[in-house]
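The values are calculated or read from the model by the stated rules, or taken from the named source; none is laboratory data. Quick caveat: nothing in here was measured; it's all calculated off a predicted structure. We place every Cβ from the backbone using ideal geometry, glycine too, and count neighbours over all the protein chains shown. All accessible areas refer to the heavy atoms of the entire protein, side chains included, with ligands and DNA or RNA removed. Shrake-Rupley method; radii C 1.70, N 1.55, O 1.52, S 1.80 Å.
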Amino acid sequence: MPHTQRLLTLLLVLAAPVAVAAADLPKVMLFTTGGTIQSRASYRAKLHEYNDGPRVTPADILKDVPEASALAKIEVVEVSNIGSGGINTTLLLKLAKGLNAELAKPDVTGAVVTHGTGTLEETAYFLHLTVKSKKPVVVIGAMRPWSAISRDGPLNFYNAVRTAITPEAVGKGVLVLLNDTIHSARLVTKNNTYHVETFVAREIGPIGFADSDRVVFYRTPLTRHTADSEFDISSIDSLPQVDVVYGYQEASSAGVDALVADGAKGLVFADSSPEYRQAILRAQGTGVVIVQSDRKGSGRVLATDSVASRGVIASDNLNPQKARILLRLALTKTTQPRELQRIFNEY
Amino acid sequence: MTRLATTRTASIRTVAALAALGLLAIAPATAQEIPTYAPPPPMPADTSKLPTVVLMSMGGTIASRGDTRLNITNYGGGMPRVDPEDWVNDLPEIRGIANIILDDQRAPRDRPSGTETHEDCARVAKRLNELAADPKIDGFVVTHGTNTMAEVAWYMNLTVKTEKPIVFVGSQRPWTGLSGDGPRNLYDAVRVAASKEARGKGVLQCTNQFINTAREVDKTSAYRVDTFKGVDAGALGFADPDKVVFLREPVRRHTVNSEFAGLDFPELPKVEIAFSYREAPGYLIDAMVEQGVKGIIIEGVGAGGATSGTAGQGEAIKRAQAKGVIVVMTARTQGGRVQDTPRRREAKMVPGDNLLPEKARILLQLALTRTTDLAEIKRIFDEY
């Protein structure tokens, strides 16, 4: 006990300079939504099906990584504590509106968002299009649960706080940070089911790194985002239904008709099938917007004359799940194909 | 080198002899293998409105011919070279993109390949600086052999003072090769150089439809056409069939913002590169110092390490530094940064960031024309 007391006193003395300086520290908002980074498994070697331990609360994150609080005054907004498969339009809008409210405050320097990695790229791109601020927003997750040996979550969190207070991160749009690597939200995609280096931007690469000496940027993204985006969700409570149709040899058109019957206002095709031709015409006849994306994972779908003549929108190099996000927002503005193609060209 | 040349001459002789005897059905390749069934697109009625692009030749595989069109590895040698005029004649499409001014900066015919020196670089940089000042010129395409293209492009990125696009281009297969990549690369490079979007992005490199920056681009494959990749940070954009697209712009200082831009460097201080590996000896570094180098780039293991022990590189580096030689640490990992750590600061070692050793060499050479102050050199490596 005396030993513990001495240790505590020592810790307090050591922590004192941090406490004094806390008033001068930049303020970072931590928005938590859940995911693997907020999951615990029943034993520490378990890297799969890790929903058998208690959830990690925002307070747990701050307590386990005190180093982050030495860099910034971190305030928490808890949005949810669920896996990324459960993130829906309501939560997306709540998150985006919450970020807009907090980032508008002059004393807030930036924000960090925790998220499950499965659909992280979709949420990050949604925020890239709807957050009205130049301040850094850094979306993070983890590939290994908070309870695992060699868990990646704590360093991802620490690096995210560092990035959120880095002046060079201002104006670069929403960032995704895992494995020390900083990606722009538009092209980043999850590339591996379990490995820590899962996030990549195929063909174009990351825009910077959170290295141990400093946070360093090599690239600025050039498509429209955040403060330059035309999308305003401040008075929106729902978004049009848009679904994704995969394409493969002999794919049946039954799914296309079913989605239209279900009320889809737009369909994104991840590839084509001869069977789709008539179903697409039927869908377009009821006012459904068609976007052609691709299942290959990289490369652009070109807005050729032939694509335009069929009233189809080319997704550029947005993957189907990102094209879906952009189409949902675009449909709040217009259903006119030429205008929709302009939006897909610019974002 | 000599052996290669002999083999090549011998094979050409064989081809010629066989052809003379009428035993060889294949005609020697003289022109680019471009399909002729589709006519070139119509030229714009008024070409005066097109941008003006200088097509500068520094040679390379893209300016080489093979004895047959299947020869895509052992070309050049005694074969006639591809003159800049040949490119325009073989590829009339580029005249529909821009008004082309040809500028031949190749080494003399009698000089073997692989002998390009800094003198050539300095001459071309000076020429680019002069031409860039001409308001009638909108952009530049420079051809170069692919082996050292990235280094030369990086030198221009630091020394040419212009916002006008400068696009380096080359090919993996000779101009005469079957499925030669040269024509498409040249066509795309002219499109990029003629595009407004390419302005102010520093010196670019465009092959295989990718647009890369001079700073990060690296040749990663000996023969494949997808050889050029951006180290750590990827490409800036694409020369796609529909348009030239930029998705990124570089953050580090270059061209108009470079403190070395617009200046002539007829000579540069001597800087060499020492590779590191298990048991790499210190005596190679001692030899460099004896030869009078002003700087040494270590291509270190891992995050920037050299061998230790009395015979190792570490001790030799200290001896070199004692004589005023500046030492920069880079990594042989071809990716990842060498960082400014306390131990490295104590060792008076300049961290090379994620520059490839051959590019760190050029930056150190330029830095040493200004200063030998360690802090100032570190600043330069931080900013470029």
With every protein chain kept in the model, how would you rank B:TYR75, A:TYR125, A:TYR248 by accessible area, 1.4 Å probe, largest at the top? A:TYR248, B:TYR75, A:TYR125
Which FRET efficiency value, to the nearest 0.05, do you get for A:THR193 and B:LEU374 by plugging their Cβ-Cβ distance into 1/(1 + (r/R0)^6) with R0 = 56 Å? 0.75
Filter the GluC sites (Glu not before Pro) in the range A:245-347 to those in DSSP coil with at most 11 other Cβ atoms within 10 Å of their Cβ, and list the result. A:GLU250
Could you name the lysines whose alpha carbon sits less than 17 Å from that of B:LYS348, not counting residues in the same chain fewer than 8 places away? B:LYS294, B:LYS318, B:LYS323, B:LYS378
Calculated log₁₀ intensity ratio I(q)/I(0) where the Debye formula runs over C-alpha points of the protein assembly as shown, q = 0.06, 0.10 Å⁻¹: -0.44, -1.14
Whichever aspartates and glutamates have a C-alpha closer than 13 Å to that of A:LYS190, once near sequence neighbours (fewer than 8 apart) are set aside: A:GLU121, A:GLU122
Could you list log10 I(q)/I(0) for the range A:125-247 at q = 0.10, 0.17, 0.20 Å⁻¹, which the Debye formula gives when each Cα is one point scatterer? -0.34, -0.91, -1.14
Rg(Cα)/(2.2 N^0.38 Å) for the range A:242-346, N = residue count: 0.95
Put one equal scatterer on each alpha carbon of the range B:142-235, apply the Debye formula with no solvent term, and list log10 I(q)/I(0) at q = 0.13, 0.25 1/Å to two decimals. -0.38, -1.36
Sorted largest first, extent of the range B:39-183 alpha carbons per principal axis (Å): 42, 41, 22
What size of dipole, in debye to the nearest 20, comes out for chain B about its Cα centre when the only charges are +1 on Lys and Arg C-beta atoms and -1 on Asp and Glu C-beta atoms? 560
Using eta = 1.002 mPa s and T = 20 °C, Stokes-Einstein with Kirkwood Rh from Cα pairs puts D for the range B:249-320, in µm² s⁻¹, at 151
Specify whether the C-alpha gyration tensor of the range A:203-280 places it in the rounded, prolate or oblate class, a ≥ b ≥ c being the square roots of the eigenvalues: rounded for a/c under 1.5, otherwise prolate if a/b is larger than b/c and oblate if not. oblate
Just to make sure I understand: if all protein chains stay in place, what is the order of B:LYS359, B:LYS294 by accessible area at 1.4 Å, largest first? B:LYS294, B:LYS359
What is the dipole size for the protein assembly as shown, taken about its Cα centre, with +1 at each Lys and Arg Cβ and -1 at each Asp and Glu Cβ, in debye to the nearest 20? 640
Putting +1 on Lys and Arg Cβ atoms and -1 on Asp and Glu Cβ atoms, find which of A:GLN241, A:GLY110, A:SER212 reaches farthest to the positive end of the dipole of chain A. A:GLY110
Suppose only helical runs count, i.e. DSSP H with n ≥ 4. What mean residue ellipticity at 222 nm does that imply for the protein assembly as shown under -39500 (n - 2.57) per run, divided by all residues and rounded to the nearest 500 deg cm²/dmol? -9000 deg cm²/dmol
Quick one, what does Rg over Rh come out to for the range B:34-88 if you take C-alpha atoms and the Kirkwood Rh? 1.08
Of A:GLU203, A:GLU67, ordered by accessible area with the largest first and a 1.4 Å probe, the sequence is A:GLU67, A:GLU203
To the nearest 20 debye, what is the magnitude of the charge dipole of chain A about its Cα centre, counting +1 on the Cβ of each Lys and Arg and -1 on the Cβ of each Asp and Glu? 240
Gained length - A:LYS63 relative to A:ARG202, 0.36 nm times residue gap less alpha-carbon distance: 46.5 nm
Farthest toward the dipole's positive end in the range A:242-346, which of A:LEU326, A:LEU267, A:VAL301, given Cβ charges of +1 (Lys, Arg) and -1 (Asp, Glu) about the Cα centre? A:LEU326
Rounded to the nearest Å, the spacing of the alpha-carbon centers of the range A:195-211 and the range A:38-82 is 23
For chain B, state the semi-axes of the equivalent ellipsoid (square roots of 5 times the eigenvalues of the alpha-carbon gyration tensor), sorted largest first and rounded to whole angstrom. 39, 27, 17
DSSP-defined antiparallel bridges as percent of all bridges, the protein assembly as shown, nearest 5: 35
Can you give the Kirkwood hydrodynamic radius for chain A, in Å, rounded to one decimal and based on Cα pairs? 21.4
